[in-house]
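Written out below as structure tokens is the structure these notes cover.
The values are calculated or read from the model by the stated rules, or taken from the named source; none is laboratory data. Please read all numbers here as calculations on a predicted model, not as lab measurements. Quick reminder, even Gly has a Cβ in these numbers, built from the backbone with ideal geometry, and neighbours come from all protein chains shown.
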Amino acid sequence: MKYRTGTLYNQKHAVLFKLSTSQTCPLCPQVDSALHILSGCQHTQIRNMITERHNIACRIILKAIRKTGPLGSCIVSMDIGSNERMTMQNLQVPETAESGLVPKWLFPPRFSDKDRFTSSRPDFVLVTPIAAKTQNLQTNVGGWALRSGRGQLTGSTSAAPPATSRATNPRQHRPKDINKTRRDIHLVEIKYCDDTRPQNQLNAAKEQHKDLCNILQGASVTLHIILLGVGCGRHHH
């Protein structure tokens, strides 16, 4: 509540109240602010707390994905914390999720392991079969409409249901066995952002995975960005 009302004490307030001459965070060399306290401080302990908050949100979203049934078996990688932390939230690693790395079989045959290890890691990667006649899959995630294709994102906020033409039961297909011409690849990236200015984190997520969207081998590659406001608890925009 202090963050949302602008009363969360920080070094900017200290300078304003003439209690300090420096706006630098007392724990790291960056400029202090309410947003910095909740999501930007680089002190090791604070950074770990911020990372774990992100991973807890990811695991809550994973629970929601797995409750849908078929989509739970379509997750091929996830980078959301250790197995031990997963267990603490009563979650098991899906059998199809090989590791936190995007699996090798989604890359071109001659793509080196070194480059794969250093490529971006979305929070989740899902692979589902796509019907031959599917055109312009449109999915609404967190109020942003994302179109299939090479990570293209539009600014539409339409709440219309997604128009899809998919195979009826993804459980019948192991993601790895789907031919690359029929792979519908979904990258999911979850980020915390300034509640009133989400655009910076939105752009950062697009830039972070731009190269990966262009490299992966599939009929469609879609980047889904879920933005969580730092002052909104678990609610997203």
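Summary of values
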| read-out | value |
| --- | --- |
| Test for VAL76: is it closer than 14 Å to HIS209 by Cβ and modelled with pLDDT of 80 or more | no |
| Residue in region 123-140 that is in a loop (DSSP other than H, G, I, E, B) and at pLDDT 65 or above present | yes |
| Test: residue in region 91-105 that is among the acidic types (Asp, Glu), surrounded by 12 or more Cβ atoms within 10 Å (Cβ to Cβ) and modelled with pLDDT under 85 | yes |
| Flag for SER39 being of a type in the set (S, T, N, Q) and closer than 24 Å to LYS191 by Cβ | yes |
| Failed item, numbered, when VAL76 is tested on (1) assigned by TED's automatic domain parsing to the domain that holds LEU216; (2) closer than 29 Å to THR196 by Cβ; (3) touching a strand residue (DSSP E or B) at 6+ places or on another chain (Cβ under 6 Å) | (2) |
| Test: residue in region 34-48 that is assigned to a loop (DSSP other than H, G, I, E, B) and over 30 Å from SER82 (Cβ atoms) | no |
| Per-region count, region 16-42, residues surrounded by 15 or more Cβ atoms within 10 Å (Cβ to Cβ) and not acidic (Asp, Glu) | 14 |
| Residues (surrounded by fewer than 16 Cβ atoms within 10 Å (Cβ to Cβ) and more than 27 Å from TRP105 (Cβ to Cβ)) located in region 57-66 | ILE60 |
| Qualifying positions in region 67-90 - without any contact (Cβ under 8 Å) to a residue 40 or more places away in the chain and either hydroxyl-bearing (Ser, Thr, Tyr) or buried (at least 16 other Cβ atoms within 10 Å of the Cβ) (or both) | THR68, GLY72, GLY81, SER82, MET86, THR87 |
| Selected residue (criterion: nearest to THR196 (Cα to Cα)) from residues of region 13-32 that are over 31 Å from the mean Cα position of the chain (by Cα) and outside any loop (DSSP other than H, G, I, E, B) | HIS13 |
